[in-house]
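Beneath this line is the structure, given in structure tokens, with notes to follow.
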Amino acid sequence: MSWPISEVKLESISRRKSGPRYDFVERAVAAGTGYRIADDGYFIVAPPESLTPRFVVEISLPELAGIEDYKKLSFDLNDRSSGMLWLDTSDLHAFDLAWRLRLPLRAASPLFAWTKDSKAPSDGPKINIEVPGPGHSKAVRALLDFPVWHGGQTDTAIAEHYAAKQLRIATDDNGDVVGAAVLQTLPENFVALTISVAPDKRNQGIAGAFAAAIAAQLFKDGKTVVAGMANDAPESFRIANRLNMSIVRQAFVAQLGSV
């Protein structure tokens with residue numbers, strides 16, 4: 001059996017992804033390319049300028065199949081992508097494909113969530129949290145100004161977050177902006193949190209206090225904050241652990257062209 005593959009508009013795909021989700025993957029999906037697998041399956045390929053450049057970032061199969069069928073599908077996926085498959089611990093179809101084909105896997109980003117057991121450290125610094133106004137635009141832009149392929153935000157995305165009141169800043173007692181955050185709304189009452197702290201204010205507990213204050217308030221409002229990070233970001237790991245956040249997803253990257 002060989003499943004036919006056809007490129008389709010993303011809007012025509014009824015996604016089956018469950019939450020919580022990774023915010024940078026959601027951004028990649030929104031700007032990606034959709035493909036139909038037979039009548040009922042699909043996969044989505046991320047754009048080149050993303051943290052998952054031309055990766056297959058989501059796949060749902062028409063049905064679970066055998067190794068020979070999966071081999072043919074892997075060639076089709078490889079031809080339309082960079083040959084890399086992103087999957088997390090909720091992606092059962094992707095795991096079945098990777099497991100049966102014995103694809104090489106490496107651990108990627110864990111996803112942490114704020115729960116009822118999470119809490120701010122008692123010795124955290126005092127900061128004030130505000131919704132930024134026009135006068136703070138340069139500070140927000142400077143703090144969040146790193147390449148998209150490193151997890152940064154585009155000018156368009158910043159403008160959209162600003163309009164939706166999804167930006168926050170942390171200021172000290174002098175009124176100086178010491179941190180900026182993006183709160184990206186995700187399906188199922190999840191909110192992805194990305195924080196950047198001014199270079200001269202790092203390693204002072206500001207990021208932890210900032211994240212805890214935002215997450216605790218949203219939790220009271222019935223929303224759950226999630227935060228993903230690369231495996232080579234020890235500071236981010238330490239902050240999440242110090243806040244007693246829970247790992248709710250673990251992501252992996254598989255090499256499709258290795259069959």
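The values are calculated or read from the model by the stated rules, or taken from the named source; none is laboratory data. These numbers were taken from a predicted model, which means no experiment stands behind them. Every residue, glycine among them, receives a Cβ derived from its backbone with ideal geometry; neighbour counts consider all protein chains shown.
Observations on the structure shown:
- Residue match in the range 246-257 (condition: surrounded by 14 or more Cβ atoms within 10 Å (Cβ to Cβ), out of contact with any strand residue (DSSP E or B) (no Cβ under 8 Å at 6 or more places or on another chain) and closer than 14 Å to residue 119 by Cα): no
- Some residue of the range 233-244 being basic (Lys, Arg) and part of a loop (DSSP other than H, G, I, E, B): no
- Of all residues in the range 82-95, those satisfying the criterion of being buried (at least 19 other Cβ atoms within 10 Å of the Cβ) and in contact with a helix residue (DSSP H, G or I) (Cβ under 7 Å, 6 or more places away or on another chain) are 84, 85, 86, 87.
- Conditions (1) over 20 Å from residue 214 (Cβ atoms); (2) out of contact with any helix residue (DSSP H, G or I) (no Cβ under 7 Å at 6 or more places or on another chain); (3) modelled with pLDDT of 90 or more; (4) of a type in the set (A, V, I, L, M): number failed by residue 105: (2)
- Residue match in the range 169-184 (condition: in contact (Cβ under 8 Å) with a residue 24 or more places away in the chain and among the polar types (S, T, N, Q)): yes
- Checked against (1) buried (at least 21 other Cβ atoms within 10 Å of the Cβ); (2) part of a strand (DSSP E or B), residue 106 passes all but a single condition, namely (1).
- Any hit, the range 51-69, residues being part of a strand (DSSP E or B), surrounded by 14 or more Cβ atoms within 10 Å (Cβ to Cβ), of a type in the set (Val, Ile, Thr) and free of Cβ contacts under 8 Å to residues at least 60 places away in the same chain: yes
- Taken together, the criteria place residue 77 among residues that are among the aliphatic types (A, V, I, L, M) and either part of a helix (DSSP H, G or I) or within 23 Å of the chain's Cα centre (by Cα) (or both).
- Where residue 198 falls short, out of the listed (1) crowded, with 20+ Cβ neighbours inside 10 Å; (2) hydrophobic (A, V, I, L, M, F, W, C); (3) touching a Gly at 6+ places or on another chain (Cβ under 9 Å): (1)
- Test for residue 100: is it under 23 Å from the mean Cα position of the chain (by Cα), in contact (Cβ under 8 Å) with a residue 24 or more places away in the chain and either more than 23 Å from residue 224 (Cβ to Cβ) or crowded, with 16+ Cβ neighbours inside 10 Å (or both): no
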